Amino acid sequence: MSPSLEAQPSNIRDGEIAVPLPDHFDASVYFIGRIHTPWKTRKDCPKNARTARETGAVCTIELDPRWSAGLRDIERCTHLVVLYWMDKARRDLAVQVPGHLGKGRGTFALRSPVRPNPIATSIVKLVGVEGNTILVRGLDCLDDTPLLDVKPDRCEFTPLAPPQPGDFQTE
């Protein structure tokens, strides 16, 4: 492993915790856990986050124990951004024909799991945290999907500017 990829505890700030990195890459990234959902096949899986939320299903994000300290204070967030690797998806289509459209669209004009780098993102509601497991609502992926990252939803950090004169004028 190259020296730049090794954990370097001497270069951390007070309060930070370094952990040993995995000894190999998964698609040039580290899978930091697994997502568990009720959906075992694509046919059963909700097609979007709205449909997933409507099911009311609580899904679990099981973090590799080495990253458990990274969950500190996450319960302060109401929503999270979850990035995951759609490992069952094809990666070779530049144009797809979604069943609901019946005509071709470019892969980058769709939210389909089929893409050259099958990275997906979902904004989910945080239900709770139990050890190294995060409970959420709103995931629309298959059971045992590899986890790439978890972040607070950026909307929680976007300050709202106070109304300015003229903001609500129509003319």
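FYI, it's all coordinate maths here, none of it is from the lab. Quick caveat: nothing in here was measured; it's all calculated off a predicted structure. FYI the Cβ positions are ideal-geometry reconstructions off the backbone, even for glycines, and counts take in every protein chain you see.
Couplings for region 59-66, taken from phi via the Karplus curve 6.51 cos²θ - 1.76 cosθ + 1.60 with θ = phi - 60°, read 9, 10, 10, 9, 7, 3, x, 4 Hz in order; Gly and Pro are left as x.
The H on the amide N of Asp64, modeled in the peptide plane, is under 5 Å from the matching H of Gly33, Arg34, each at least 5 residues off or on a different chain. Label positions at Ile119 and Gln96, each projected 7 Å from the Cα along the C-beta direction, are separated by 1.7 nm.
Rounded to the nearest Hz, the phi-derived 3J(HN,Hα) couplings of region 91-99 under the Karplus curve 6.51 cos²θ - 1.76 cosθ + 1.60 (θ = phi - 60°) are 10, 10, 9, 8, 10, 10, 10, x, x, where x marks glycine and proline.
Between their Cα atoms, which of Lys43/Lys125; Lys43/Lys151; Lys43/Lys88 are more than 22 Å away from each other? Flagged as over cut-off: Lys43/Lys125; Lys43/Lys151.
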